[in-house]
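The structure appears right after this line, and notes come after that.
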Amino acid sequence: MGATAKHDAPPRWRLHNATALACALVAVVLARSVFVSLYATDLPFWDQWDAEIRRLYKPFVDGTLSLSDLFATHNEHRVFFSRVLGLLLFCANERQFDNVVAAFANTIVYAAMLGAFAAPYFHELDRRSLLSAGLAVVALGSLPYGWENITIGFQNQFYFEGLWAFAAIGALAFGRGDRWTPVVAAVGAGLCGLFTLASGMLAAPAIIVAALCLYRGGALRGRPFVAVVLAASALFVFGLQLIPTLPQHSGLRAGSATELVSAAMTALCWPLPASPISLPLVWWPCALWVWRLVRGPATMPRLDVFLFGVAAWAALHAVAIAAARGHGGLAFVASRYTETLALGGAANLLLALRIVQSLRERDDARAAGLGAVVVVATAGFLFCLGGWSIRGAAALAPRAEQQKIAAGNIAAFLAGAGPSALAGKSPDEISHPSATRVIGLLSDPTVRAMMPSSVAAAVPIAWPDCALLSSPGAYPTTPALATRAVGTFSPVVGNANVGRCVSSPVPTRRSYVRISTAGYLSEPKMHLALESTDGRPPVALARSTPDHEAWQAHRLAAPSATYVVVAADENPDYWFAFGEPVEQGRLSALAADTAARLRRLVEAR
């Protein structure tokens, strides 16, 4: 099947191959960004309250976070790389949590993982095959079958795990077998994988599988082979030792061999329905290579070694999912696991294409029959993947609506409504299973200060010696604003109320503020601005059209670390009102702008 020399040096990347893969990955980032724009919210979701807010960002702000905390367990996992990325985004966003920022960042992390998987295959393609391969990458990476991972920033742990696993397998598969560098790189990447998810230890047996494939073909021998097998075995044992026992999860595990086999069948066949037909239809390429390698020495092309290692890694995940979550036989595969399992199916399909291609090059009569099997398997895989994607797309909108409800309840609590805003609410209405836990966290001033702008409490403003403004200061038919509002409409003289007011100095921790306005600020002689206390240029809120008796949110750049708000109304025929400012970090502002542009693009089509 296309034997290669033991220490063959792969050809350099051709520009059109690299460009095709890069374009496909950019398309994946854009497609996933559209889903983020439409359905992600900035609010913490379930595990994010404890794993990020309580155990990461609060200790970081308080100055008590240690290096060991980054390696501490989260359930069964040690999510070091997710924590590091989260801290980087948190700091870049001026210590404000924002799930949308993390979800946008994850589109790049996912594309990096997908690129690590696809790059070896693209490397060997001729120009005629680049378009179809690129479209396949776009479909695999853009369809929302893994919808939970797309919209929740904390789920990037799956992507970091895949990235390190592919780096480990690829380092061994494509490295020179007579050198130690591939061994060290593979073991190092496998070690990093232990601190992504508990299942990161599964990269170790996948490394051993790749090493055995190379050994059987004579491409890895002697001390490097022994060293990589022993080191990978040690990694696996070390990974097992890192996983804590959680009694609360015991009820989720497969309780018998029958449940384990049934659950494993469901996971291994995904996205196809679990059946005795689906299993060989998906996994026959790996089974064929196992038979060849067991039967006798067989030189396996290095790309096939990589794909076989990835498939073995995905198969081990399927068994691990069955063991850990197989109670009752695993009625369905949770969407958060599907992006890993999809790569196993894709690796098998690529192996199948390689086998058929090899047979055709030798004019083997079996090529036609196996080619038909590959066509059927590919069609079934894509059809079922599309079905799961339809389910995923249907689940995104309800989740977003639930998060909006939760945001309203949390904003009410932070605005002063008290525990009654959250107590007695369902988990979907507060974005966490425990109202007591959320109330406790939001009662902490450090946590309150890092909340996203959609729920954060407004910055209170004092107006000394100000006769112009009253609260709410809007025409009576204007709906109430969630934050405290002031305006120039007087209950006594109405629009005729005129004057100018300057607030007390307002300190800010972030680059932007959001201010809601109503009324007729667009009319002449009406003015609202933020003025710096250190002589920098002011930032005026200019309106070209009136808001009438409705509230419109606007974002302004804070002119300096301390500023004053200046409000002036010299027009006796109109009024305007505005809410107290809500702070917004620089990355949150960028994410909000990006999301708004993508939503407009979707709506325009």
What order, most packed first, do the peptides 133-139, 295-301 have when packing is the mean number of other Cβ atoms within 10 Å of each residue? 133-139, 295-301
Nearest 500 deg cm²/dmol is fine: what mean residue ellipticity at 222 nm does the chain get from its DSSP H runs of n ≥ 4 alone, each adding -39,500 (n - 2.57), divided by its residue count? -17500 deg cm²/dmol
Charge dipole (debye, nearest 20) of the chain; +1 at Cβ of Lys and Arg, -1 at Cβ of Asp and Glu: 1980 debye
Under the 0.36 nm per residue contour assumption, what length would be gained going from the current alpha-carbon distance of GLN248 and CYS466 to full extension? 72.6 nm
Let me know the charge dipole size of region 307-388 about its Cα centre in debye, to the nearest 20, where only the beta-carbon of Lys, Arg (+1) and Asp, Glu (-1) is charged. 120 debye
Mean projected area in nm² (Cα convex hull; one quarter of hull surface) for the chain: 31.7 nm²
By how many degrees, between 0 and 90 and to the nearest 10, does the Cα long axis of helix 203-216 differ from the longest principal axis of the chain? 30 degrees
Scoring only Lys, Arg, Asp and Glu (+1, +1, -1, -1) among other residues with Cβ under 13 Å from the Cβ of ALA407 yields -2
Region 294-358 - percent relative contact order, Cα under 8 Å, separation 6 or more: 50 percent
Ranked highest first by the average count of other Cβ atoms within 10 Å around their residues, in what order do 315-321, 345-351 fall? 345-351, 315-321
Where a Cα-Cα gap under 17 Å defines reach, which aspartates and glutamates qualify for LYS425, not counting those fewer than 8 residues away within the same chain? GLU401
Among ALA31, PRO59, VAL209, the residue whose Cα sits farthest towards the positive end of the charge dipole of the chain (+1 at Cβ of Lys and Arg, -1 at Cβ of Asp and Glu, taken about the Cα centre) is VAL209
The chain: relative contact order in percent, alpha carbon pairs under 8 Å with at least 6 residues between: 15 percent
Which trypsin sites (Lys or Arg not before Pro) from region 30-106 combine a DSSP loop assignment with at most 16 other Cβ atoms within 10 Å? ARG95
Excluding HIS249 itself, calculate the net charge of residues whose Cβ lies under 10 Å from the Cβ of HIS249, where each Lys or Arg counts +1 and each Asp or Glu counts -1. +1
Any idea what angle helix 278-295 forms with the longest principal axis of the chain, computed on alpha-carbon atoms, 0 to 90 degrees, nearest 10? 40 degrees
Can you tell me the Rg and the Dmax, both Å, for the Cα atoms in region 326-436? 23.9, 77
What list of ³J(HN,Hα) couplings, whole Hz, do you get for region 370-377 from phi and the Karplus terms 6.51, -1.76, 1.60, once you set θ to phi - 60° and write x for glycine and proline? 5, x, 5, 5, 5, 4, 5, 5
Of LEU385, GLY188, ILE515, which is farthest towards the positive pole of the chain's charge dipole, taken about the Cα centre with +1 and -1 on the beta-carbons of Lys, Arg and Asp, Glu respectively? GLY188
Farthest toward the dipole's positive end in region 403-481, which of SER426, ALA457, ALA411, given Cβ charges of +1 (Lys, Arg) and -1 (Asp, Glu) about the Cα centre? SER426
For a quick check: with amide H placed at 1.01 Å from N, whose amide H comes under 5 Å from HIS74's, ignoring anything fewer than 5 positions away on the same chain? VAL79
Report ³J(HN,Hα) in whole Hz for each residue of region 560-575, in order, from the Karplus equation J = 6.51 cos²θ - 1.76 cosθ + 1.60 where θ = phi - 60°; Gly and Pro get x. 6, 5, 9, 9, 10, 9, 10, 10, 9, 9, 10, 10, x, 9, 9, 9
Cβ under 13 Å from ALA186's Cβ, ALA186 left aside: what net charge do those residues give with Lys, Arg +1 and Asp, Glu -1? +2
Within region 377-446: Cβ-based charge dipole about Cα centre, in debye rounded to nearest 20 (Lys, Arg +1; Asp, Glu -1): 120 debye
Collect residues whose amide H, placed 1.01 Å from N in the peptide plane, falls under 5 Å from the amide H of PHE576; neighbours closer than 5 in sequence don't count. THR488, PHE489, TYR520
Between 0 and 90 degrees, rounded to the nearest ten: what's the tilt of helix 335-361 against the longest Cα principal axis of the chain? 40 degrees
Considering Cα pairs under 8 angstrom that are at least six residues apart, work out the relative contact order of region 4-149 and quote it in whole percent. 43 percent
Can you order the peptides 205-214, 43-52 by their average number of other Cβ atoms within 10 Å per residue, highest first? 205-214, 43-52
Looking only at Cβ-Cβ distances, which cysteines of the chain have no other cysteine closer than 4.7 Å? CYS23, CYS91, CYS192, CYS213, CYS269, CYS286, CYS384
At 7 Å along Cα-to-Cβ for each site, give me the label-to-label distance between VAL261 and ALA379 in nm. 3.2 nm
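Throughout, read-outs are computed from the coordinates displayed, never taken from laboratory work. Everything quoted here is computed from the prediction, not taken from an experiment. Positions of Cβ are generated from backbone atoms using ideal geometry, with glycine treated the same way; all protein chains shown enter the neighbour counts.
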